[in-house]
Structure formats: structure tokens, C-alpha cells
1. Which numbered condition trips up residue 38, out of (1) surrounded by 15 or more Cβ atoms within 10 Å (Cβ to Cβ); (2) under 21 Å from residue 151 (Cβ atoms)?
2. Check 73, 60, 68 and return the single one that is surrounded by 17 or more Cβ atoms within 10 Å (Cβ to Cβ) and among the charged types (D, E, K, R).
3. Could you tell me how many of the residues in the stretch 1-26 are open to solvent by 10 Å² or more (accessible area, probe 1.4 Å) and aliphatic (A, V, I, L, M)?
4. Considering only residues that are open to solvent by 10 Å² or more (accessible area, probe 1.4 Å), of a type in the set (A, V, I, L, M, F, W, C) and more than 12 Å from the ligand (Cβ to nearest atom), look in the stretch 92-119 and name the one that is nearest to residue 177 (Cα to Cα).
5. Any chance the stretch 120-135 includes a residue that's in contact (Cβ under 8 Å) with a residue 40 or more places away in the chain, within 16 Å of the ligand (Cβ to nearest atom) and open to solvent by 10 Å² or more (accessible area, probe 1.4 Å)?
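The values are calculated or read from the model by the stated rules, or taken from the named source; none is laboratory data. Predicted model only: the values in this text are computed from it and were never measured. Glycine also receives a Cβ, built like all others from the backbone with ideal geometry; neighbour counts cover every protein chain displayed. Each accessible area value is taken on the protein alone, full model and side chains, heavy atoms only, with ligands, DNA and RNA left out. Shrake-Rupley method; radii C 1.70, N 1.55, O 1.52, S 1.80 Å.
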Amino acid sequence: MIHPIVLYRSSILRRVSKEISEDYKDLDMLISDMFDTMKLEGVGLAAPQIGLSIRIFVIDTSPLEEDDPALKDFKKVFINPTIIEETGKPWLFNEGCLSIPGVREDISRPQKIRIQYYDENFRFFDEHYDGVKARIMQHEYDHLQGILFTDRLQPLKKRMLKGKLMAISKGKVPTNYKVRIEK
Ligand code: ZN
């Protein structure tokens, strides 16, 4: 099932999400719903974006495989993740977000991460990533912390976006997918 996307300014996007346990109800269905919903127009989706304040995100970098063959078939579920460290020189990458339609900005983040998480079978992993893969994880992980990529813009850039963000928060933005605003 494809879920409507919660838009910018909804309070759930500002909450720190809660960990889940292995017996979380209908977890398999939720994960498959998240992949279906992400396919609308994204390479990553975090649970708060469909209205659930829980620590889970999914990524699928296949749409970016033209830029880098290593991104082909890289499809993963992250449950209760923690980014243990971020290292390497910060670099700019153009980010967008299903919850902030029509806005894309170059965001600076460190190149490498070490991330601990559980997969869909609740197996534990402790891994290192860099480049675009790390970048998508950093963006999605931020969602679980109540942070949006626009928070990471320079103040001037942020001011320039104010009108656009205001329109989005009122739902006045064209999208190819269903959206909702949660007070
Ligand atoms: Zn996002």
C-alpha cells in the first residue's frame, strides 16, 4: 500500500522517533509499504514521513545507478539505526525530500559514516559507508532525529526558501503523489 507523505511543518517530522522491538505488529507489511511508497519519487524514506514516529528507514539507490554502477540493486532496511561516527571531508550533494516537494539544495555533510542497525530479520550490523550511500543514510537518519535537510542550509539560503516552505506547509504545492499535513 502506498501511504500519503507527511509534509514539511508537520510536528511528527520534528520528533525523535522511538525504537521498535522485534514483535512490532505487521513489520513485514510496513516495510513493503515503505518500499512501495518510496518508489513514488525517492531513493529513501523514513517512517515519520508516513506518519509513524518509529526508528526505521528504507533506501533503494537503483534510480541513481546511471551515475554510479555500484548503486545498482542497493536496497536496504535500517531498524533502530545509530550513526556512531561521521568522518572524512565534508562534501556537497544535491538533496531533495518527499516531505519538501520542489526543493533541492546542495547540502554539506561528512563523507563517511559508521552505522549500527538491525535489518528486517532483526540481525545486527555494524558497517561503514561512504559517498552517495552514506549520504542517503545521513539524510534518512536525520528524519529519525527530527531534523530536515533544510535545517542544514546557511541562514541566507534558508531565508530565500522561506516563501516556498511556507507554501508547502499549507499544502500549496503540486506533487505527483498524495500528501497530508499533520498538526
Ligand atoms: Zn527526506
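1. Looking at each condition in turn, residue 38 falls short on (2).
2. Criteria check complete, one pass: 60.
3. Number satisfying all stated conditions: 4.
4. The residue in question is 93.
5. Yes, the stretch 120-135 contains at least one residue that is in contact (Cβ under 8 Å) with a residue 40 or more places away in the chain, within 16 Å of the ligand (Cβ to nearest atom) and open to solvent by 10 Å² or more (accessible area, probe 1.4 Å).
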